[in-house]
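K.L.:
Shown below is the structure under consideration.
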Amino acid sequence: MTEKKYAELVKPLAFQGNFTGARANATVLTFMTGDKLCGLDMNFILGVYEHPGDWAPNRGAHMHPFTEYLLFFGYDPEDMNYLGAELSLAMGEEWEVSRITRPSIVIAPENMPHCPLITERAEKPFGHLHLAMAAKYGGEKATEKKGETDGTKYAHLFKEFKVVPGPGGADADQLIAISGEDALDGYELNFQMGLYKAAGRWQEGPHSHPYDEIMIFFGHKTTDMTCLGAEITIELGEEHEQHTFDRATVVVIPKGTVHFPVTVNKVESPFRMARVGLAAGYKSIPAK
């Protein structure tokens, strides 16, 4: 069979067990670096977390030579408002602690110390999506805690998601969206996550973006994250080359690549799609 032109852009996600040894860290996760994302200048981790404790015991704070976004969400198949956990995260050289009790995104600017990250309480397994703006993950231990704050110095880096109704039908039932143009202080990221429940074609037609983008499709079965719960066909390129998948998958959309329509062929259980655009604002250019 002839290899499809855009086959390298559709990547099934492989999940593995915790590789840190810390019980509070991910039960299972997938780790995709830039070389696996067709050379994009980013890497991401998507995982399931369910135990209280420090995610990296006795390691203190660390920092990276790139901006990192830490996203926390629940796996409830009916309500994206539900996180199912309470966490604390220290930011800055002062280790100022903020609490996370709802689905949220936290910005860790380049070279800013952050952590410890502690799950204080977990009612149900919850999700974490780490987005790092470099092809390779790397960092170094930060200096020991220095000074004190009034407790609000880094509060602007913590943003709770606002869940809104989606278009419905085969398109999203619920949506969250945030970007550098509105709430992310000008950072080069636009992000959307949707909860999908029905078969059919999504509303948006063929288009491209003047920036790189990825689309992460995943399900809610935290004991088997390869299970998407649906069969999906996405069309790529001006040729409308069709790619169909039924397991957790990331679709890489390099700058200028025409993509869509998306058709949900069948649904066994609700699923999510997280769209990550590497620009401060969302911009869609309709295909000719």
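The values are calculated or read from the model by the stated rules, or taken from the named source; none is laboratory data. This structure is a prediction, so every number in the text was calculated from the model and none was measured. Heads up, the Cβs are rebuilt from the backbone with ideal geometry, glycines too, and the neighbour counts pull from every protein chain shown.
K.L.:
Output the residues belonging to the range 107-128 that are touching a Phe, Trp or Tyr at 6+ places or on another chain (Cβ under 6 Å) and surrounded by fewer than 17 Cβ atoms within 10 Å (Cβ to Cβ).
P.N.:
Hit for the range 107-128 is Glu110, nothing else.
K.L.:
Hey, another quick one. Going by what's in this entry, would Ser104 be described as more than 19 Å from the chain's Cα centre (by Cα), under 23 Å from Tyr49 (Cα atoms) and surrounded by 17 or more Cβ atoms within 10 Å (Cβ to Cβ)?
P.N.:
No; evaluated as a whole, the condition is false for this residue.
K.L.:
If you don't mind, another one. The conditions are (1) within 15 Å of Thr249 (Cβ to Cβ); (2) loosely packed, with under 15 Cβ neighbours inside 10 Å; (3) basic (Lys, Arg), and Lys5 fails exactly one of them. Which is it?
P.N.:
(1)
K.L.:
Let me ask something else about it. Quick one: count up the residues across the range 52-96 that are of a type in the set (Phe, Trp, Tyr) and modelled with pLDDT under 95.
P.N.:
0
K.L.:
Sticking with this one: Being within 15 Å of the chain's Cα centre (by Cα) and on the phi < 0 side of the Ramachandran plot, is that true of even one residue in the range 81-95?
P.N.:
So far as the range 81-95 goes, yes, one or more of its residues are within 15 Å of the chain's Cα centre (by Cα) and on the phi < 0 side of the Ramachandran plot.
K.L.:
Any residue at all in the range 199-210 that is touching a residue at least 12 places away in the same chain (Cβ under 8 Å) and in contact with a Leu (Cβ under 7 Å, 6 or more places away or on another chain)?
P.N.:
No, every residue in the range 199-210 fails to be touching a residue at least 12 places away in the same chain (Cβ under 8 Å) and in contact with a Leu (Cβ under 7 Å, 6 or more places away or on another chain).
K.L.:
If you don't mind, another one. For the structure I just gave you, tell me whether Leu228 is touching a residue at least 24 places away in the same chain (Cβ under 8 Å) and in a loop (DSSP other than H, G, I, E, B).
P.N.:
In short, no.
K.L.:
Counting only residues that are within 30 Å of Ala279 (Cβ to Cβ) and of a type in the set (Ser, Thr, Tyr), which one in the range 26-64 is surrounded by the most Cβ atoms within 10 Å (Cβ to Cβ)?
P.N.:
Tyr49
K.L.:
So, Gly281, is that one assigned to a loop (DSSP other than H, G, I, E, B) and outside the structural domain of Phe44 (by TED's automatic domain parsing) or not?
P.N.:
Answer is yes for this residue.
K.L.:
With the structure loaded, tell me whether Leu87 is surrounded by 16 or more Cβ atoms within 10 Å (Cβ to Cβ) and assigned by TED's automatic domain parsing to the domain that holds His128 or whether it fails that test.
P.N.:
Answer is yes for this residue.
K.L.:
Within the range 18-35, identify whether any single residue is more than 30 Å from Glu238 (Cα to Cα), without any contact (Cβ under 8 Å) to a residue 40 or more places away in the chain and among the basic types (Lys, Arg), and answer yes or no.
P.N.:
Checking the range 18-35: at least one residue is more than 30 Å from Glu238 (Cα to Cα), without any contact (Cβ under 8 Å) to a residue 40 or more places away in the chain and among the basic types (Lys, Arg).
K.L.:
Mind checking which residues of the range 178-195 are within 19 Å of Gly219 (Cα to Cα) and surrounded by fewer than 19 Cβ atoms within 10 Å (Cβ to Cβ)?
P.N.:
Gln192 - this is the single residue of the range 178-195 that is within 19 Å of Gly219 (Cα to Cα) and surrounded by fewer than 19 Cβ atoms within 10 Å (Cβ to Cβ).
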